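The values are calculated or read from the model by the stated rules, or taken from the named source; none is laboratory data. Small disclaimer: the values here were computed from a predicted structure and weren't measured. Note that we place each Cβ from the backbone using ideal geometry, even for glycine, and neighbour counts take in every protein chain shown.
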Amino acid sequence: MPQAGLQGGKRILLLDKDSNWTTTASEALIQDGCSVFSVDSLSSALHMLRSDAFDLIVADINIGGGDPDFVIGQLCNVGAGADIIICTPTPSLSQAVRAGKLGVCDYLDRSDLRTTLVALRDHIQRTGGEGSPVPGTPTTSTAPLVSATGEKSFCGMLSQDQRMHAIFELIQTIATSSVNVLIEGETGTGKELVAHAIHTCSNRSAMPFVILDCSTLAHELLESELFGHEKGAFTGAAMQRIGRFERANRGTLFLDEVANINLPIQAKLLRVIESRTFERVGGQETIAVDVRVVAASNRCLEECVAAGNFREDLFHRLHVVQILVPPLRQRPDDIPMLARHFLKRFAHEHGKTVHAITAAGLRCLTAYLWPGNVRELENVILQAVVLSRSNLIDVTDLPPRIWNFISANSHPLSTLANRLQGPEREILISTLKQVNGNVKQAADRLQISRTTLYAKLKHYDIDIRLTHDAG
């Protein structure tokens, strides 16, 4: 199966739930000089495509469990610039014709592994040369790009906050080592992006980057996901399964929300990290691996150790280098920058003409505390872009929970008063104008009582007559 190395160093993303297939294909293509990344869900693939540029996407058309056209459309849209090859174990002629019309380069039946790999190699040789990042997509350079305003772009992350810049520098410092890393931070702060940056900057970047979210699996399934299992190892084990450690050999394994692993499996995980060997569930063969472990948690692992929920020896094995990702509320200068970044991306993805956020809208976004961090901000901008009926995002395009927060924290005695009163006054005026000065409708939209609304109008000296449509 191995052949002379292919030229070009292509970056390839494999999207398939069949870990045996992706492992075999990855090993073959890596031997040919390609950088190969594999994921097993459409959402994971789209996440990687938004933060990295790829030359080729090889995907099972049925990965989403729904409409194949939707899968192709998402990959074409988010992965603009990458060639797409559908590689499925359940091919059909009508599906192949439809895929071709949607812009897919090739449609392969992967039931014959050798034939499939030959076809993939032929495509790589025909296209030749290294792929170029699409203009506007995040760079995969391992050196931060600095703008004139002090913004740094690093491995898909954007920030002008000094603490984030220090994280970028730390990642570069540990790039040439293989030490384990523990990333801690609240949900939505971008811990997975940090983990991916560690892999991208490391000497393992051409090898697999494998992700396992430990919070989504039952404990009885987690062991099999980590170490794999043999056929017949337990009820329902109809075939051998390759685990995440084995798939990540010579690469990086990212264990997200590692605090959710129970104590018995923690003991087995510790043994693998220490000995670099393991056995599949139900197996006798000892398998050796060389894997860098990057773990993440939205809880303080040291507190979990003190509470008896996490092994202290495993904590120290994972905690060789610690990275603390600050929440978005602690870096407010990043909020307008990230909001504009998401606006530009979503407007392009959804074919909208929205091109800016008003000054009032930005003040409102900056005043909010963002309990869901960057992920929440991203979702808010996506919602605003999709629902927008103009080319600007204003305060009334934002979710009511943001208005309510500002309203609740705008009392004159509040330490936030000066920061929040401007946006709230603008929200009130804008809402009243939308309903032509109708106080009842405005109160309903703002989810407050009419008595409260009248009090706020008096507090902000708003003349309701000025909100009526003059026409």
Inspect region 256-277 for any residue being more than 25 Å from SER177 (Cα to Cα) and touching a Ser or Thr at 6+ places or on another chain (Cβ under 8 Å) and give the result as yes or no. yes
Can you tell me which residue in region 332-378 is surrounded by the fewest Cβ atoms within 10 Å (Cβ to Cβ), limited to those that are over 21 Å from the mean Cα position of the chain (by Cα) and of a type in the set (S, T, N, Q)? THR353
Sort out which residues of region 318-376 are out of contact with any Asp or Glu (no Cβ under 9 Å at 6 or more places or on another chain), under 27 Å from ASN180 (Cβ atoms) and basic (Lys, Arg), and write them in order of number. ARG375
Give the residue that is farthest from ALA218 (Cα to Cα), with candidates limited to residues of region 245-285 that are among the basic types (Lys, Arg) and surrounded by 20 or more Cβ atoms within 10 Å (Cβ to Cβ). ARG247
Could you list, in sequence order, the residues of region 205-240 that are buried (at least 20 other Cβ atoms within 10 Å of the Cβ) and of a type in the set (Lys, Arg)? none
Residues of region 210-251 classified as charged (D, E, K, R) and part of a loop (DSSP other than H, G, I, E, B), total: 3
Members of region 8-22 found to be in a helix (DSSP H, G or I), surrounded by fewer than 22 Cβ atoms within 10 Å (Cβ to Cβ) and modelled with pLDDT of 85 or more, listed by number: TRP21
Name the residues in region 263-291 that are part of a loop (DSSP other than H, G, I, E, B) and in contact with an Asp or Glu (Cβ under 8 Å, 6 or more places away or on another chain), would you? ARG276, ARG280, GLY282, GLY283, GLU285, VAL289
Against the definition (crowded, with 17+ Cβ neighbours inside 10 Å and within 21 Å of the chain's Cα centre (by Cα)), how does LEU56 come out, yes or no? yes
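The rows are residues; the columns are (1) at pLDDT 85 or above; (2) in contact with a Cys (Cβ under 7 Å, 6 or more places away or on another chain).
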| residue | (1), (2) |
| --- | --- |
| THR216 | no, no |
| SER224 | yes, no |
| GLY228 | yes, no |
| LYS231 | no, no |
| ALA238 | no, no |
| PHE245 | yes, no |
| ALA248 | yes, no |
| ASP256 | yes, yes |
| ASN260 | yes, yes |
Name the residues in region 220-263 that are more than 24 Å from the chain's Cα centre (by Cα) and either closer than 27 Å to CYS300 by Cα or not assigned by TED's automatic domain parsing to the domain that holds VAL281 (or both), would you? GLU220, GLU223, SER224, PHE227, ASN262, LEU263
Condition first: free of Cβ contacts under 8 Å to residues at least 40 places away in the same chain and within 20 Å of the chain's Cα centre (by Cα). Now tell me which residues in region 13-44 satisfy that. ASP40, SER41, LEU42, SER43
Are there strands (runs of 3 or more DSSP E) fully within region 87-204 with at least 2 residues that are surrounded by fewer than 16 Cβ atoms within 10 Å (Cβ to Cβ) and modelled with pLDDT of 80 or more? List them. none
